[in-house]
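Reviewing the structure listed below.
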Amino acid sequence: MAKIIRTATVAITLNNLLKGQLAFLNQTHEIVAVSGEDHHLQAVRDREGVRTISVPMQRAISPIKDLISLVQLYRVFKKEKPEIVHSVSPKAGLLSMIAAYFAGVPIRIHMFTGLIFPAKKGFSHYLLLQMDRILCAFATHIYPEGNGVRLDLIRYGVTKKPLHIIANGNISGVDTNHFTIPSDAARHESRKSLEIPDADFVFLYVGRLVGDKGINELIAAFTAPEFQSKSVKLLIVGYLESNLDPLKSETISAIETNEKIIFVGFQADVRPYYAAADCLILPSYREGFPNVLLQAGAMGLPSIVTNVNGSNEIIIEGINGSIIPAKNSELLRNKMLDFNDTGKTPPTQKQAIREHICSKYSQDLVWNAVLKEYDNLLNAPTK
């Protein structure tokens, strides 16, 4: 049994993206979760049954605080002596890989769940690119979450190390027993609780409410005059993140005042909202390999997505959704109107959408692939 430390900048990443996976891996290895202490890390500790260690890390660049976190991580790794350190978010990746290198950890893994620098310009682009290059220099193994991320790592010369995608992509897969096609009764009850008529066409967004998720474009598209006379709703599930990449004031105002927009905030269980919807919208500027598309697909929902990494790997035009260019509210509006005019997805197509997801991205498939990767690395001959 090897000791494996999983790190993330903020504990919500461990709590949400790795839900269940840590407990699964802990059956055969000793898993330790490291992130800042909050209720999410407590939830990981309680639910997954793994030991947790608190090391606060900042998502934004903060030289003094980052140095403090680096020293703390080094001390943790030196004391714990893990065989593997595996990081999954940008700042945690940079600090963990450097600290693990100097602490003598033999296997240092980072999984890129998305790249930030391609969407930036000027000095921000250069600085973030250099940070990712430093991260890769100190890691022993680099895993892009999907093929789009892999190609960007190559295109921008981030690293020359081998890049391996685990299973068919995604960090954790989707629990296809948890996310299932809802019955008509469940769909009706979900809509009733939200005061949405059964006849209305419902678009759904699930995720953080920030600029680079395309929320400004989504609201601009949905508040266009063409939608005002239609029996249509926009359901928004997620939390407003005002510190990083805040939304435009007119976007926030529309969310708060438009009677066709229903904002429910963060929800621990998103299934009732998928059940109430007819189409998921993910108009992001960048993604790694979005879980919401897997969840929606497992529940039989088609999706409208932008042509960005991950999204364009999961969605196949005309099969389980549609792909449009990013940052274009007019094209998004037209595509949403097309979906609304076409109407609700028939049961046979819902089942086909679900089967596509189940065959490639089921949780069992991804978790066992992660475990196999760990075992292969641990059993590989030392150089």
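Worth pointing out:
- Listed residues 369, 137, 119, most fluctuating in the chain (Gaussian network, C-alpha, under 10 Å): 119
- Accessible surface for the chain, divided over its residues, is 44 Å² per residue with a 1.4 Å probe.
- Judged by the ratio a/c of the largest to the smallest principal axis of the C-alpha gyration tensor, region 120-274 counts as oblate, that ratio being 1.5 or greater while a/b is no larger than b/c.
- Each Lys and Arg adds +1 at its Cβ and each Asp and Glu adds -1 at its Cβ; summed about the Cα centre, region 305-383 shows a dipole of about 80 debye.
- Anisotropy class of region 45-118 from Cα gyration tensor, a/c 1.5 cut: rounded
- Computed on protein heavy atoms with a 1.4 Å probe, the accessible areas place 184, 132 in the order 184, 132, largest first.
- Ranked by the mean number of other Cβ atoms within 10 Å of their residues, highest first, the peptides 146-159, 247-260 come out as 146-159, 247-260.
- Amide H to amide H distances under 5 Å link residue 263 with 236, where only residues 5 or more positions off or on other chains count and H is placed in the peptide plane.
- Summed side-chain charge close to residue 19 - residues other than residue 19 whose Cβ falls under 10 Å, Lys, Arg +1, Asp, Glu -1: -1
- With the simple model of a label 7 Å out from the Cα in the direction of the Cβ, residue 62 to residue 328 spans 3.9 nm.
- Comparing Cα centroids, region 118-137 and region 182-202 end up 45 angstrom apart.
- Where a label projected 7 Å from the Cα of residue 250 along Cα→Cβ would reach, residues of region 308-336 with amide N under 16 Å: 328-331, 333
- Cα-based radius of gyration for region 229-358, normalised by 2.2 N^0.38 Å, reads 1.05.
- Only helices enter this figure: runs of n ≥ 4 DSSP H residues, each worth -39500 (n - 2.57), summed and divided by the residues of the chain, yield -13500 deg cm²/dmol at 222 nm to the nearest 500.
- Radius 9 Å from Cβ of residue 165, net charge of other residues (Lys, Arg +1; Asp, Glu -1): 0
- Per-residue ³J(HN,Hα) for region 195-203, Karplus 6.51 cos²θ - 1.76 cosθ + 1.60, θ = phi - 60°, Hz, x for Gly and Pro: 6, 10, x, 4, 7, 5, 8, 10, 8
- Length available on full extension from residue 156 to residue 46: 0.36 nm per residue minus the Cα-Cα distance, which gives 35.5 nm.
- Using Cβ point charges alone (K and R +1, D and E -1), the dipole size of the chain about the Cα centre works out to roughly 1320 debye.
- Fraction of alpha-carbon pairs over 16 Å apart in region 105-181 - percent: 54
- Among 43, 276, 167, the largest mean-square fluctuation in a Gaussian network model of the chain, built with springs joining Cα atoms closer than 10 Å, belongs to 43.
The values are calculated or read from the model by the stated rules, or taken from the named source; none is laboratory data. Small disclaimer: the values here were computed from a predicted structure and weren't measured. Don't worry about glycine lacking a Cβ; one is built from the backbone with ideal geometry, like all the others, and counts go over all protein chains shown. Heavy atoms of the whole protein, side chains included, go into the accessibility calculation; ligands, DNA and RNA do not. Shrake-Rupley method; radii C 1.70, N 1.55, O 1.52, S 1.80 Å.
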